[in-house]
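Q: The structure under discussion is supplied below as structure tokens; questions concerning it will follow.
The values are calculated or read from the model by the stated rules, or taken from the named source; none is laboratory data. Worth saying up front: this structure is predicted, and the values here are computed from it rather than measured. Because the Cβ atoms are built from the backbone with ideal geometry, glycine has one as well, and the counts that use them run over all protein chains shown.
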Amino acid sequence: MKMRPQILALSFRAKRPVARRLWAPGRGILLCPLLVLLLMILVAAPAFATTLVRMSLDQLAEASTEIIRAHVLSQQTVWNPQHTRIYTYTTLALDQTYKGDPPSSPVIQQPGGTVGKTRLFVAGTVQFHPQTGYLLFLERSSADPSRFLLVGMVQGAYRIYRDEKTQEEKLILPLGSLARGVPVSGPGSILAGPAVPVRQFQRDISASLSSPLSIPRGTAIPVAIKSARSAGLRRMDVRGRTTTDLFPNSGLVIPAGSAISGMAERVGDSWMISWTEVSIRGKQVLLSARNTEPAEKVLQGRNLVVNVR
């Protein structure tokens, strides 16, 4: 059954802009604060205006390349080299690893922050506290694999604290509650906040990571074919990548860029492609789907939609 994802619409705002002088050959132009603010919005909006899908614990775990427990060491906020965007970099000390192979001092990149008198606020980002522990769902940045992004932005960070009364470690659910996955209703399917014990959350993560994955029938997967190599007479080994994030149900996410593979066979004037497997963050998931493509052009470079049977 297909899931209708819950959409979280997020935006940003800039605060306390300062007048800046833009230089043209032979003259200077002084911009008023209001105009600077408008220019900042026009420049930054395509990058920072954000729409998110509310994710379950299963989806967070699947979409992550790394899941860790760590505490904050330092933060740095800087302009990018083009001086058009502000980024905040948070350096962590690794305490525990649940998934992946993170470095001992991972660095998280987030849009926004304060540089001098200019503040760019991006809704959905996390305000990390110094020397505070967090449980984090991370994915490596495609632009710079040495940096990490939070999966689902604010949904990927859980601040840890010790309960004064019980001395038990707990973590705060940023959205107040969290669905474990499928089923999305019934006893035990929802983690109710505002906080839950760390041990319980760790057990739930382990359960999510060990659960088998299955792609529902009828799921439509947009794919770009990246390679098609000969595998014998009239046969081709076909490899592709998914082109958008997919949320087939509340227990599954297929991130953009996931590898998909299959075999193509030449039948008359067509290629019959049988797709057999998709890789979701290193976990191989079997699927059954077929596409028929004209044979007059090469398969590599084509974009198509794979419908799971």
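Q: Only one residue in 258, 270 is more than 21 Å from residue 64 (Cβ to Cβ), in contact with a strand residue (DSSP E or B) (Cβ under 6 Å, 6 or more places away or on another chain), among the polar types (S, T, N, Q) and touching a residue at least 12 places away in the same chain (Cβ under 8 Å). Which one?
A: Step by step, each of 258, 270 is checked, and only 270 is more than 21 Å from residue 64 (Cβ to Cβ), in contact with a strand residue (DSSP E or B) (Cβ under 6 Å, 6 or more places away or on another chain), among the polar types (S, T, N, Q) and touching a residue at least 12 places away in the same chain (Cβ under 8 Å).
Q: Also, quick follow-up: Please specify each residue of the range 170-188 satisfying the condition of being modelled with pLDDT under 90 and surrounded by 15 or more Cβ atoms within 10 Å (Cβ to Cβ).
A: 180, 181, 182
Q: Further question: Checking the structure you have, find out if any residue of the range 214-224 is of a type in the set (D, E, K, R), more than 15 Å from residue 289 (Cα to Cα) and surrounded by fewer than 18 Cβ atoms within 10 Å (Cβ to Cβ). If you could, list the steps in order and put the result at the bottom.
A: Step one: of the range 214-224, the residues of a type in the set (D, E, K, R) are 217.
Going one step further and asking which of them are more than 15 Å from residue 289 (Cα to Cα), we end up with none.
Looking for residues that are of a type in the set (D, E, K, R), more than 15 Å from residue 289 (Cα to Cα) and surrounded by fewer than 18 Cβ atoms within 10 Å (Cβ to Cβ), one finds none in the range 214-224, hence no.
Q: A further question on this structure: Could you give me the residue pairs with C-beta distances under 8 Å whose first residue belongs to the range 131-154 and is over 20 Å from residue 198 (Cα atoms), whose second residue is at pLDDT 95 or above and acidic (Asp, Glu) wherever it lies, and which are 6+ apart or on separate chains?
A: These pairs meet every condition: 139/66; 140/66; 148/66; 148/139; 149/139.
Q: What do you reckon, is residue 138 crowded, with 18+ Cβ neighbours inside 10 Å, within 21 Å of residue 94 (Cβ to Cβ) and in contact with an Asp or Glu (Cβ under 8 Å, 6 or more places away or on another chain)?
A: yes
Q: So residue 88 ticks every box in (1) polar (S, T, N, Q); (2) in contact with a strand residue (DSSP E or B) (Cβ under 6 Å, 6 or more places away or on another chain); (3) without any contact (Cβ under 8 Å) to a residue 12 or more places away in the chain but one. Which box is left unticked?
A: (3)
Q: So, one more: Could you look through the range 41-71, keep only residues that are surrounded by fewer than 19 Cβ atoms within 10 Å (Cβ to Cβ) and out of contact with any Ser or Thr (no Cβ under 9 Å at 6 or more places or on another chain), and pick out the one that is modelled with the highest pLDDT?
A: Of the range 41-71, the ones surrounded by fewer than 19 Cβ atoms within 10 Å (Cβ to Cβ) are 41-43, 45-47, 49-54, 71.
Narrowing further to those that are out of contact with any Ser or Thr (no Cβ under 9 Å at 6 or more places or on another chain): 41-42, 46, 51-54.
Working: 41: 41, 42: 39, 46: 40, 51: 65, 52: 76, 53: 85, 54: 91.
Filtering first and then ranking leaves 54.
Q: Something else: Which of the strands (runs of 3 or more DSSP E) found entirely inside the range 134-180 contain at least 1 residues meeting this: under 14 Å from residue 107 (Cα atoms) and in contact with a strand residue (DSSP E or B) (Cβ under 7 Å, 6 or more places away or on another chain)?
A: 147-150, 157-162
Q: Out of the range 295-309, which residues are touching a strand residue (DSSP E or B) at 6+ places or on another chain (Cβ under 6 Å) and either touching a residue at least 60 places away in the same chain (Cβ under 8 Å) or part of a strand (DSSP E or B) (or both)?
A: Result: 299, 300, 302, 303, 304, 305, 306, 307, 308, 309.
Q: Let me ask something additional. Take the residues in the range 130-185 that are among the hydroxyl-bearing types (Ser, Thr, Tyr) and over 20 Å from the mean Cα position of the chain (by Cα), then tell me which one is nearest to residue 248 (Cα to Cα). Don't jump to the end; show me each part of the working.
A: Filtering the range 130-185 for residues among the hydroxyl-bearing types (Ser, Thr, Tyr) gives 132, 134, 141-142, 146, 158, 161, 166, 177, 185.
Remaining after also requiring over 20 Å from the mean Cα position of the chain (by Cα): 132, 161, 166, 185.
Values: 132: 35, 161: 34, 166: 40, 185: 17 Å.
The qualifying residue nearest to residue 248 (Cα to Cα) is 185.
Q: With the condition being within 15 Å of residue 153 (Cα to Cα), more than 21 Å from the chain's Cα centre (by Cα) and of a type in the set (S, T, N, Q), I'd like the strands (runs of 3 or more DSSP E) fully within the range 82-124 carrying at least 3 qualifying residues. Step through it out loud before you land on a result.
A: On the way: elements: 86-99, 107-111, 113-115, 118-122.
Those strands (runs of 3 or more DSSP E) do not exist here; none qualify.
Q: How many residues does the range 145-169 hold that are touching a Pro at 6+ places or on another chain (Cβ under 7 Å), surrounded by fewer than 21 Cβ atoms within 10 Å (Cβ to Cβ) and among the small types (Gly, Ala, Ser)?
A: Going through the range 145-169 one residue at a time, the tally reaches 0.
Q: Given 278, 223, 298, which one is on the phi < 0 side of the Ramachandran plot and modelled with pLDDT under 95?
A: On the way: 278 fails: modelled with pLDDT under 95; 223 fails: modelled with pLDDT under 95.
After applying the criteria, what remains is 298.
Q: If the requirement is being of a type outside the set (Lys, Arg), more than 18 Å from residue 181 (Cα to Cα) and buried (at least 21 other Cβ atoms within 10 Å of the Cβ), which of these qualifies: 278, 267? Quick ask: steps written out before the conclusion?
A: Numbers: 267 fails: buried (at least 21 other Cβ atoms within 10 Å of the Cβ).
The unique qualifying residue is 278.
Q: Do the conditions hold for residue 191, that is, is it in contact with a helix residue (DSSP H, G or I) (Cβ under 9 Å, 6 or more places away or on another chain), of a type outside the set (Lys, Arg) and not assigned by TED's automatic domain parsing to the domain that holds residue 301?
A: On the way: in contact with a helix residue (DSSP H, G or I) (Cβ under 9 Å, 6 or more places away or on another chain): yes; of a type outside the set (Lys, Arg): yes; not assigned by TED's automatic domain parsing to the domain that holds residue 301: yes.
It is true that residue 191 is in contact with a helix residue (DSSP H, G or I) (Cβ under 9 Å, 6 or more places away or on another chain), of a type outside the set (Lys, Arg) and not assigned by TED's automatic domain parsing to the domain that holds residue 301.
Q: Could you list all residues from the range 197-209 that are of a type outside the set (S, T, N, Q) and either at pLDDT below 95 or part of a helix (DSSP H, G or I) (or both)? Please lay out each step first, then the result.
A: Residues of the range 197-209 that are of a type outside the set (S, T, N, Q), as a first pass: 197-199, 201, 203-205, 207, 209.
Selection gives 198, 199, 201, 203, 204, 205, 207, 209.
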